[in-house]
1. For T311, state whether it is open to solvent by 10 Å² or more (accessible area, probe 1.4 Å), in contact with a helix residue (DSSP H, G or I) (Cβ under 9 Å, 6 or more places away or on another chain) and among the polar types (S, T, N, Q).
2. Of everything in the stretch 91-110, what is within 21 Å of the chain's Cα centre (by Cα) and open to solvent by less than 40 Å² (accessible area, probe 1.4 Å)? Give them in sequence order.
3. Tell me which of these S153 doesn't satisfy, since it passes every other one: (1) farther than 19 Å from P91 by Cβ; (2) without any contact (Cβ under 8 Å) to a residue 40 or more places away in the chain.
4. Cβ-Cβ under 8 Å, sequence separation 6+ or interchain: first residue in the stretch 237-265 and of a type in the set (S, T, Y), partner at pLDDT below 95 and surrounded by fewer than 24 Cβ atoms within 10 Å (Cβ to Cβ). Which pairs?
5. Might you let me know whether the stretch 328-336 holds any residue that is in a strand (DSSP E or B), open to solvent by less than 30 Å² (accessible area, probe 1.4 Å) and within 18 Å of Q249 (Cβ to Cβ)?
6. Given the structure, is D287 of a type in the set (D, E, K, R), part of a loop (DSSP other than H, G, I, E, B) and modelled with pLDDT of 95 or more?
7. If I ask for residues that are acidic (D, E) and crowded, with 17+ Cβ neighbours inside 10 Å, which ones from the stretch 140-174 would you list?
Amino acid sequence: MTHDHDLVLRPTAAQTEAALNPPPGRSGGDLVVETLAALGATTVFGLPGQHALGVFDALRRSDLRYIGLRVENNAGFAADAYGRITGEAAPLLLSTGPGALTSLAALQEAAAASAPVLAISSQIPSAGLGGGRHGYLHELPDQSASFRGVVKSVHTVRAQSQIPSAIEAAWKSALTAPHGPVWVEIPQDVLLSPTLIPVVTGGDAFPEELPPRPELTAVAADLLSNAARPTIIAGGGVVRADASRKLRQLAETLQAPVVTTPGGKGAFPWTHPLSLQSWLEDRHTTDFLEDADVLLVVGSGLGELSSNYHTFKPRGRVVQIEADLGKLESNHPALGIHADARLALQALLETVSPREDAEAPEQVRTVLAKVADRIAAQELTLEQELLASIRRALPASAPSFWDMTILAYWAWSAFDAKGPNLLHSAQGAGGLGYGFPAALGAAVADPSHPVLAVSGDGGALYSIAELATARQYDLNVTWLIVDDGGYGILREYMTDAFGQATATELTRPDYVALAESFGVPGVRTTPAGLADDLAKALGSPGPSVVVLPAVLRMFAPTHL
């Protein structure tokens with residue numbers, strides 16, 4: 001009897017001949033790029049460095065497209081956005097020591113936001129591995145130790161024969177829910193040495209699935225079907241799992257209001273009768289969520305931003321669907337379901353009973369009206385008008401990438417993303433400098449739409465070098481820089497807390513002249529002219545910069 005697991009694919013005569021006689025002039029670096037291509041990669045990001053030259057030389061012999069940025073951290077942000085847009089593992093090529101370490105903040109953001117990034121770094125020569133102090137350039141006692149607390153998995157290669165399997169294992173790890181960054185490191189001599197290993201032509205690119213346990217979804221379905229006031233919080237896991245349609249089906253079946261977290265922006269239609277939008281930083285929303293007798297949390301750990309800074313205290317039963325096991329019940333006791341959001345929502349759709357609740361849309365309208373009244377009482381028309389101008393100028397299908405800046409904090413709550421996977425920010429880890437390089441990665445991923453980046457002048461100074469990247473590859477990104485002369489949100493925080501601000505004021509360049517020095521068109525605009533100037537820039541191919549001098553304010557918090 002022959003069993004399925006006994007079947008082995010036999011190589012053809014041509015494959016055997018190719019394996020026995022691999023082309024000359026290949027190195028360990030070729031095994032890296034061949035494995036990436038075999039797994040389905042088409043594009044890589046990064047920066048060359050002395051120890052990594054074996055990989056970069058191999059790129060010359062491959063069909064992979066290389067996008068080189070000017071700073072490793074920015075290359076990491078670009079790879080992060082490429083992974084978010086495509087759902088593929090984005091290769092990030094780095095060199096040893098300083099080059100590798102400079103990517104850490106970007107990898108932390110990718111980890112916090114579940115973006116699949118496949119970081120491949122060189123290492124010192126293999127003779128130096130193991131913690132001895134040999135004095136190699138870029139030497140660290142244990143380079144991988146710097147990454148273990150950040151990435152999902154670490155893979156250290158010591159011989160050329162390990163390269164294909166290590167990269168394939170890392171690829172699967174990056175794409176298994178929850179998505180995230182992974183780390184592969186390969187010694188310089190392994191990359192440079194000639195190889196007789198056959199050309200890598202195949203790879204298993206399919207990640208493991210994470211289905212829910214059926215006994216748990218059965219209990220969750222019963223709770224939701226019999227709830228008097230079911231409500232849903234939708235997080236970034238819904239977007240990553242491409243589960244927005246299933247979320248809408250379930251909400252409509254249960255007649256359950258839905259609020260989205262900053263990471264879940266666009267997971268539920270903004271103007272839907274059941275949409276509480278994204279006003280999580282509001283006490284009216286918090287009160288409504290606390291009043292739910294069954295609260296379904298999908299793809300969120302209910303962290304700081306998603307819980308109104310941990311002031312949210314649910315009184316009913318909580319059902320939490322989360323792919324990251326560490327986030328399951330980490331903040332609130334719940335019926336915890338460790339699963340991919342798409343698979344769990346499908347299981348619920350198959351088992352819940354429809355509910356009738358004619359009052360739910362009216363309850364949603366009441367909450368949103370209370371939120372609107374609260375904001376209106378604070379005389380924040382400038383900020384609201386700026387968001388409205390950006391929304392008018394930005395095509396509905398175009399993605400936007402927001403740095404850690406006051407306008408982004410407004411966008412988390414008040415901006416209609418128009419759909420899933422279209423609004424992205426650095427709210428996962430909260431580092432500066434994300435917006436522009438991430439937008440470049442998105443433009444590489446999908447050149448069919450313009451891409452908007454939004455930064456403050458403080459965050460913009462992290463990314464100025466990438467104007468050269470934008471010009472070199474002619475990427476269709478419009479960069480809106482809101483120039484308030486410093487770190488605006490820190491200025492506001494410090495003034496509120498201490499009566500005055502320290503270390504928040506910045507000398508900054510003429511951003512329009514600076515952009516033009518890179519060959520990138522720039523324009524200075526006003527609040528009244530923003531919509532037209534932004535639309536014109538977004539409608540013109542290639543990179544552009546729009547500078548808006550403005551001092552913005554945040555809406556008053558409700559968690560203090």
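The values are calculated or read from the model by the stated rules, or taken from the named source; none is laboratory data. Model, not experiment: these values are computed from the prediction. No Cβ is skipped: glycine too gets one built from the backbone with ideal geometry, and neighbour counts run over all protein chains shown. For accessibility, only protein heavy atoms count, side chains too; no ligands or nucleic acids. Shrake-Rupley method; radii C 1.70, N 1.55, O 1.52, S 1.80 Å.
1. Values: open to solvent by 10 Å² or more (accessible area, probe 1.4 Å): yes; in contact with a helix residue (DSSP H, G or I) (Cβ under 9 Å, 6 or more places away or on another chain): yes; among the polar types (S, T, N, Q): yes.
Considered against the rule, which asks whether it is open to solvent by 10 Å² or more (accessible area, probe 1.4 Å), in contact with a helix residue (DSSP H, G or I) (Cβ under 9 Å, 6 or more places away or on another chain) and among the polar types (S, T, N, Q), T311 comes out as yes.
2. Initial filter on the stretch 91-110 (within 21 Å of the chain's Cα centre (by Cα)): 91-94, 100-110.
Listed by number, the residues that qualify are P91, L92, L93, L94, A100, S103, A106, L107, E109, A110.
3. So S153 meets the others, but not (1).
4. Pairs that qualify, where the first residue is of a type in the set (S, T, Y) and the partner is at pLDDT below 95 and surrounded by fewer than 24 Cβ atoms within 10 Å (Cβ to Cβ), are T261/L305.
5. Filtering the stretch 328-336 for residues in a strand (DSSP E or B) gives 335-336.
Restricting the remaining residues to those that are open to solvent by less than 30 Å² (accessible area, probe 1.4 Å) gives 335-336.
Now narrow it down to the ones that are within 18 Å of Q249 (Cβ to Cβ): none.
There is no residue in the stretch 328-336 that is in a strand (DSSP E or B), open to solvent by less than 30 Å² (accessible area, probe 1.4 Å) and within 18 Å of Q249 (Cβ to Cβ).
6. On the way: of a type in the set (D, E, K, R): yes; part of a loop (DSSP other than H, G, I, E, B): no; modelled with pLDDT of 95 or more: yes.
Criteria not met by D287.
7. E168, the sole residue that qualifies.
Conditions tested, residue by residue: (1) open to solvent by less than 20 Å² (accessible area, probe 1.4 Å); (2) in contact (Cβ under 8 Å) with a residue 24 or more places away in the chain.
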{"residue": "H338", "(1), (2)": "no, yes"}
{"residue": "L345", "(1), (2)": "yes, yes"}
{"residue": "T351", "(1), (2)": "no, yes"}
{"residue": "E359", "(1), (2)": "no, no"}
{"residue": "T381", "(1), (2)": "no, no"}
{"residue": "W402", "(1), (2)": "yes, yes"}
